[in-house]
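The values are calculated or read from the model by the stated rules, or taken from the named source; none is laboratory data. Quick caveat: nothing in here was measured; it's all calculated off a predicted structure. All Cβ positions, glycine included, derive from the backbone under ideal geometry; neighbour counts span all protein chains shown.
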Amino acid sequence: ANGMDINRADGGSYTDNLIGTLLAIFGNVLVSISLSIQKYSHVTLAGTKDPRAFYRTKTWWCGFVLTFIGEGANFVSYGFAPLALIAPLNAVSVLTSSILGLIFLREKSKPKDFAKRYGLSFLGCVIIIGGTYLFVAFGPNSHEKLNAVNIVKHIVGWPVLLYLLLEIITFCLLLYFYKQRNANYLVIILLLVALLGSVTVITVKAVSSMLVLSAEGSMQLDYPIFSVMFVCMVASATFQARFLSQACKLYDSTLIASVNYILSTVVAVGAGAVFYLEFNNDDVLHICMFVLGAALCFLGVFLITKNRKKTRTFEPYVTMDMANGVPTIHDKGLVVQPDYNGSFSYGALVNNDGVAPVTLPANLEQPPVSPRSIDASHGPADLKKD
């Protein structure tokens, strides 16, 4: 029985990997949809004189429930599949967000102009789909069914201790430059996020695996390692969200989405390889094809976010509420859409929908002024007074 727990048969591993992959894809798609729904709720309130707060609308609560379900699916997926399979799947969130943006576009343009403006996004979507297929098909085959005893064995191994020591030293150096030398460079902030994210995904996988085993009848929750991992998971996720919030205040959200996805995925896959020995049973060909698939996902995410940065109307929360020519981009953007950084899928903020919209001037290409548009444009100010 212990042998089956430590290294499951290939059939069991394949089934577990499939379940974990499908759960992660479902969770990322659901989170993207839910955040777009919540954005729609904010924008609708901003365009009207509805005095209600956003959390008192049915639309916002619907999005919140979907976010909870989606993140729950993401969490459980770590209990079935290796980190190397789950971490790159956050690209699905960017893919879904991009498709939602095209679905909710209301502007009428010729097919040639449309293809010219959004060709990069289509290309990015295709590349992400191809990359996802590659790293799922050639990812780690054997999957260890982690229990409390196995997790402790992993922690006390010298490769893990060396890895953690190097990570702590690197984190402290980066934190010193960030806090004491005011080095507010995006790469430094996102490296801090990625290093914290590696701790988050390691602990999430341990906690999720022990919860799954406990649900199957093998109680793991009374082991001290479960409490240790749970505390580390909550602490690292909390600090990770704080650093992400600071990055969002200083830099464009699309740039953050692209760079953070790449850094967090690389660090998470490395953590899985060192901590859980996920690539030990794979040959060189499988590893190379996996790396190629992940690189394609990086390129796809970069192309989509690059196109978004040039064309802000591509984002669903900007274009959803175009009624009678009333623009939904306001000069009080941060009031319309509060900063929402809670959904970063355990180490990878890939969702451009998870941050506040970039503030744009209210007088940018405004249509002819009418009493209705004047009222609508003052919506955010009214909300602020409330």
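Quick notes
- Scan of segment 157-199 for residues that are under 17 Å from Met233 (Cβ atoms) and in contact (Cβ under 8 Å) with a residue 24 or more places away in the chain, ordered by number: Val160, Glu167, Phe171, Val193, Ala194, Leu195, Leu196, Gly197, Ser198, Val199
- For segment 214-263, filtering for residues that are under 18 Å from Lys153 (Cα atoms) and charged (D, E, K, R) leaves 1.
- Tally, over segment 29-63, of residues that are farther than 25 Å from Thr200 by Cα and either assigned to a helix (DSSP H, G or I) or basic (Lys, Arg) (or both): 21
- Test for Leu190: is it touching an Asp or Glu at 6+ places or on another chain (Cβ under 7 Å), in a helix (DSSP H, G or I), under 27 Å from Ile287 (Cβ atoms) and among the aliphatic types (A, V, I, L, M): no
- Residues located in segment 173-197, provided they are out of contact with any Leu (no Cβ under 8 Å at 6 or more places or on another chain) and crowded, with 18+ Cβ neighbours inside 10 Å: Leu196, Gly197
- Of everything listed in (1) at pLDDT 90 or above; (2) over 19 Å from the mean Cα position of the chain (by Cα); (3) over 30 Å from Lys179 (Cβ atoms); (4) not charged (D, E, K, R), the single unmet condition for Ser208 is (2).
- Qualifying residues in segment 203-237 (those that are assigned to a loop (DSSP other than H, G, I, E, B) and out of contact with any Leu (no Cβ under 9 Å at 6 or more places or on another chain)) - the one nearest to Val274 (Cα to Cα): Tyr223
- Members of segment 247-282 that are outside any helix (DSSP H, G or I) and either touching a strand residue (DSSP E or B) at 6+ places or on another chain (Cβ under 7 Å) or of a type in the set (D, E, K, R) (or both): Asp252, Glu278, Asp282
- Which listed residue is in contact with a His (Cβ under 8 Å, 6 or more places away or on another chain) and more than 30 Å from Tyr276 (Cβ to Cβ), from Phe54, Phe114: Phe54
- Restricting attention to segment 134-187, the residues that are under 26 Å from the mean Cα position of the chain (by Cα) and of a type in the set (Lys, Arg) add up to 2.
- The listed residue being surrounded by fewer than 17 Cβ atoms within 10 Å (Cβ to Cβ), part of a helix (DSSP H, G or I), of a type in the set (Ser, Thr, Tyr) and in contact with a helix residue (DSSP H, G or I) (Cβ under 7 Å, 6 or more places away or on another chain), out of Thr200, Thr170: Thr170
- Within segment 203-228, the set of residues being surrounded by fewer than 24 Cβ atoms within 10 Å (Cβ to Cβ) and among the charged types (D, E, K, R) comprises Glu216, Asp222.
- Count - residues of segment 264-284 that are farther than 18 Å from Val156 by Cα, surrounded by fewer than 20 Cβ atoms within 10 Å (Cβ to Cβ) and within 22 Å of the chain's Cα centre (by Cα): 1
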